[in-house]
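Scroll down for the structure; my scribbles are underneath it.
Please treat every number below as a calculation from the coordinates, not as lab data. Model, not experiment: these values are computed from the prediction. Every residue, glycine among them, receives a Cβ derived from its backbone with ideal geometry; neighbour counts consider all protein chains shown.
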Amino acid sequence: MFAGLDGLRFSHWQAELRDDGVLVLAFDRAGESVNTFAQDVLIELDALLERIALDPPKAVVIRSAKQRGFIAGADIREFQRFDEQGTIGDSIRRGQDVFQRLADLPCPTAAAIHGFCMGGGTEISLACDYRVASNDASTRIGLPEVKLGIYPGWGGSVRLPRLVGAPAAFDMMLTGRTLSASAAKAIGLVDRVVEPALVVDAAATLARKGTTRPLKQRFLGWATNLWPVRQVLAPVLVKQVARKARKQHYPAPYAMIETWRRASGDTRALLAAERRSVVKLAGTPTARNLTRVFFLMERLKGLGGKSAERQPPIRRVHVVGAGVMGGDIAAWSAYKGFEVTLQDREQPFIDKARERAAKLFEKKVKDPAKRPEVAARLRSDLDGEGVPEADLVIEAIVENADAKRSLYAGLEPKLKEDALLTTNTSSIPLDELRSGVRRPALFAGLHYFNPVASMPLVEIVMHDAVSDDTAQRLAAFCKALDKLPVPVAGTPGFLVNRLLFPYMLEAATAYAEGIPGKAIDRAAVDFGMPMGPIELIDTVGLDVASGVGQELAPFLGLQIPESLATPPEAGKRGKKDGQGLYAWEDGKPKKPDLPKDYRAPEDLQDRLVLPLLNEAVAALHDGVVADADLLDAGVIFGTGFAPFRGGPIQYIRETGADAVLERLKTLQARHGERFAPRPGWDNPALRD
């Protein structure tokens with residue numbers, strides 16, 4: 001124990017004085033598996049630093065005593081409570097003050113980073129004089145606060161631009177992306193990269209001996225933060241942000257740039273400007289809803305948790321159907337470490353799928369030497385020889401119930417006793433498919449979304465005979481794939497397609513009325529959708545949209561416009577053919593310009609969005625998911641539904657259920673019975 005700390009007792013910090021005179025502060029938050037900054041953690045650290053400043057050692061090193069990573073950032077649960085209580089300003093001020101006390105210590109300081117270093121973890125490292133990181137693949141450094149509708153508020157937005165230069169700093173902070181240790185060193189965020197076992201020693205040595213940063217890095221940190229340069233750079237940054245996020249939807253990036261552009265003075269003046277801006281952002285609906293989305297994501301991740309550890313593990317996967325979905329499911333599974341066999345009725349289909357897989361591996365596996373090992377996990381299996389060894393079989397053939405049942409009849413006798421059989425059907429009710437299955441307890445739906453590599457959600461589709469063990473094993477499998485599982489009832493369309501179909505159908509109806517596709521898409525994007533519905537129909541494929549329509553329209557009592565009533569002509573299925581409702585070029589739609597005097601109908605946005613909300617209410621009423629939070633999570637991660645609005649049910653709550661219902665009735669009177677309110681608008685969950 002360091003003599004200056006005698007008599008102090010700590011719950012979250014351990015202090016050890018090395019033989020070389022370096023004091024190591026190890027962060028080990030009590031009662032938690034991961035280090036996060038709560039207020040009591042900061043208060044304890046403040047007391048430590050105050051005492052250290054009175055009798056400083058030769059140097060101080062900050063490290064983690066946890067097996068899992070360095071520091072994950074602020075405790076978001078506590079952060080959310082402070083927002084609700086209106087005391088978030090006090091929380092931000094305390095973090096700033098404690099980290100500034102660290103920066104002001106009269107001895108050199110260094111951070112020893114191993115594993116994830118996020119948010120407040122990165123900010124405390126920035127308050128140190130030096131940073132050393134391990135070269136382990138698990139080490140990732142980032143400032144992801146923008147994903148919560150705020151930006152770094154414990155000094156990160158002040159210190160990072162001055163350390164690495166404004167361009168590199170804002171690239172990190174505006175995107176929320178993380179850097180490897182080597183990438184962090186390349187921009188000057190990290191001073192040394194070493195083996196994991198050497199991180200603390202290297203940090204101690206660096207703190208004692210110091211180092212001189214390269215001239216280029218020092219120049220960038222100085223020059224790009226000068227007042228005239230900030231006035232020139234800020235508008236450029238705003239233009240970059242505007243291409244991806246609208247200010248009225250996501251104000252945080254714009255506020256961060258403007259605060260940096262305007263603020264002047266010493267460090268404490270800059271911190272005060274940062275604090276005022278972040279406190280204001282924390283009270284916005286965007287920040288509250290993005291924080292809610294964070295917790296929704298954590299809940300879905302938790303579904304594949306410890307309860308599944310008692311179940312037989314899934315190691316070998318057999319996929320039947322090497323089309324776009326089946327082939328990509330197989331490729332992603334192999335990339336994530338599973339042994340995969342891929343079957344189809346003809347070898348050329350499998351060959352094409354493996355060609356696409358090779359492109360995925362080239363993109364995702366950065367080390368070329370490791371790609372052959374990943375590719376070897378995906379094997380061609382024309383005759384289905386992998387079926388008897390598989391722990392999980394995924395059927396991804398044509399959307400035809402008879403064809404699927406016929407396939408199951410041939411597969412089941414070959415399966416291991418505990419092997420799971422699943423279908424990737426996008427709309428066929430599970431009761432239709434399980435009627436001929438011999439072991440219904442081990443049969444379920446595993447519905448992925450296209451493109452598999454980038455869409456995070458997988459629907460685990462249930463029926464009344466599936467076992468809890470099966471659902472848990474599938475959730476654990478999704479977790480191993482880095483996918484978010486949501487359990488849904490096996491009724492037509494399940495959750496995501498059921499809600500998405502009325503939205504796309506109304507867009508197609510408006511298009512058939514002569515409203516330009518560009519105007520329709522613009523109305524949806526203005527609401528916050530990642531892509532307009534006409535572009536979405538082309539991206540999904542008119543053939544797929546038509547097939548889903550035939551299945552869902554009768555169930556939902558909706559009429560299909562002519563453009564989706566029959567399968568499209570050959571070569572006109574949409575993006576994949578280069579021609580659909582739009583012409584496509586280099587993977588992008590060519591949308592004809594609107595006449596200068598064109599004005600879209602005032603109710604166009606409501607016509608698109610309200611059918612989705614109406615069906616969300618009905619799906620909740622019908623028990624398609626267990627509760628409103630799971631519904632919002634499924635729709636956000638399955639469709640990209642405006643995250644800043646918190647999901648369909650959250651949007652209804654914030655807008656007011658009665659107000660939304662009145663808008664729906666107005667559309668019903670104006671456009672017809674397809675807008676009639678669905679059952680469930682009296683649900684108390686809409687008014688929480």
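A few remarks follow.
- Among the GluC sites (Glu not before Pro) within the range 270-351, those in coil by DSSP and having at most 13 neighbouring Cβ atoms inside 10 Å are Glu346.
- Charge context of Lys416, other residues only, Cβ under 12 angstrom, K/R +1, D/E -1: -1
- In order through the range 322-338: 3J(HN,Hα) via Karplus (6.51 cos²θ - 1.76 cosθ + 1.60), integer Hz, x for Gly, Pro: 9, x, 4, 6, x, x, 6, 4, 4, 5, 5, 5, 5, 4, 8, x, 8
- The mean sequence distance of close C-alpha pairs (under 8 Å, at least 6 residues apart), as a share of the length of the range 3-283, puts its relative contact order at 17 percent.
- Selection of trypsin sites (Lys or Arg not before Pro), the range 52-130, meeting DSSP coil and at most 15 other Cβ within 10 Å: Lys58, Arg68
- Positive-pole candidate from Ala357, Ala272, Ile314, dipole of the range 263-374, charges at beta carbon: Ala272
- Think of each Lys and Arg Cβ as +1 and each Asp and Glu Cβ as -1; about the Cα centre, that makes the dipole of the chain roughly 2320 debye.
- Whole-Hz ³J(HN,Hα) from phi, Karplus 6.51 cos²θ - 1.76 cosθ + 1.60, for the range 224-238, glycine and proline x: 6, 10, 5, 3, x, 5, 4, 5, 7, 6, 4, x, 5, 5, 4
- Mean ellipticity per residue at 222 nm, deg cm²/dmol - from DSSP H runs of n ≥ 4 across the chain, formula -39500 (n - 2.57): -15000 deg cm²/dmol
- Net charge of the neighbourhood of Arg262, taken over other residues with C-beta under 12 Å away and scored Lys/Arg +1, Asp/Glu -1, is +1.
- The Cα-based radius of gyration and maximum Cα-Cα distance (Dmax) for the range 314-495 are 15.2, 47 Å.
- Cross-link reach is defined here as a Cα-Cα straight distance under 12 Å, omitting same-chain residues fewer than 8 places apart; for Lys416 the aspartates and glutamates meeting it are Glu389, Asp391.
- DSSP beta bridges confined to the chain are antiparallel in about 25 percent of cases.
- Rounded to the nearest 5, the antiparallel percentage of DSSP beta bridges internal to the range 59-217 is 20%.
- Using the Cβ of Ala465 as centre and a radius below 12 Å, the other residues enclosed give a net charge of 0, where K and R count +1 and D and E count -1.
- Listed candidates [x] 89.1; [y] 67.5; [z] 32.5 - label of the one calculated as mean projected area of the Cα convex hull in nm²: [z]
- In sequence order, the range 574-584 has phi-based couplings of x, 3, 5, 9, x, 7, x, 5, 10, 7, 10 Hz under the Karplus curve 6.51 cos²θ - 1.76 cosθ + 1.60, θ = phi - 60°, and Gly or Pro positions carry x.
- Three-way shape label, the range 531-609, alpha-carbon gyration tensor, a/c 1.5: oblate
- Sequence-distant contacts, meaning Cα pairs under 8 Å at least 6 residues apart, place the relative contact order of the chain at 8 percent.
- Pairs from the list Lys364/Lys483; Lys301/Lys483; Lys66/Lys301; Lys247/Lys483; Lys185/Lys216 with a Cα-Cα gap above 19 Å: Lys66/Lys301; Lys247/Lys483.
- In summary, the aspartates and glutamates within cross-link reach of Lys591, defined as a Cα separation below 13 angstrom excluding same-chain residues under 8 places away, comprise Asp521, Glu535, Asp538.
- Peptides ranked, highest mean first, by Cβ atoms within 10 Å: ranges 105-115, 149-159: 149-159, 105-115
- Shape call, the range 3-283: gyration tensor on alpha carbons, a/c limit 1.5: prolate
- For Gln579, the amide hydrogen comes within under 5 Å of the amide hydrogens of Arg573, Gly574, Trp584, counting only partners 5 or more places away or on other chains and with H modelled in the peptide plane.
- Aspartates and glutamates whose Cα lies under 19 Å from that of Lys239, excluding same-chain neighbours fewer than 8 positions away: Asp171, Glu258, Asp526
- Scanning residues 5 or more positions from Gly165 or on other chains, those with amide H under 5 Å from its amide H are Gly221, with H placed 1.01 Å from N in the peptide plane.
- In this Cβ point-charge picture (+1 for Lys and Arg, -1 for Asp and Glu), the range 3-283 has a dipole of about 1400 debye about its Cα centre.
- Taking each of Lys359/Lys575; Lys244/Lys370; Lys336/Lys366 in turn, the alpha-carbon distance tops 24 angstrom for Lys244/Lys370.
- Interchain or long-range residues, amide H under 5 Å from Glu339's placed H: Val317
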